[in-house]
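Working notes for the structure below.
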């Protein structure tokens with residue numbers, strides 16, 4: 001295993017790589033010129049084509065539409081509710097096992 005650090009690339013670098021690729025260069029050529037893997041160039045191109053304006057948001061704040069924000073909030077609330085439900089199911093299971101021990105005496 002190599003001890004290489006994970007490299008990070010800013011939005012401008014990714015956009016430049018994608019534009020080179022979309023303007024006719026192969027992903028291998030772009031990768032060789034920029035010192036990155038061709039698979040990375042292809043992945044960035046797919047991301048860029050899927051959502052050009054919001055591609056490559058980075059680790060900072062994402063620019064989301066109101067609908068996307070609402071969907072994220074609803075997904076978070078659903079996950080929390082499912083977690084609470086699972087905890088309650090386990091608690092009911094534990095307590096009902098305890099009741100069965102003493103109900104036959």
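Bear in mind these aren't lab numbers, they're just calculated from the coordinates by the rules spelled out. The model shown is predicted, which means the values in this text are computed figures rather than measured ones. Note that we place each Cβ from the backbone using ideal geometry, even for glycine, and neighbour counts take in every protein chain shown.
Quick look at the numbers
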{"quantity": "Overall form of the stretch 9-56 per C-alpha gyration tensor (a/c, 1.5; a/b vs b/c)", "calculated": "prolate"}
{"quantity": "Sequence of 93, 55 once ranked by neighbouring C-beta atoms within 10 Å, starting from the fewest", "calculated": "93, 55"}
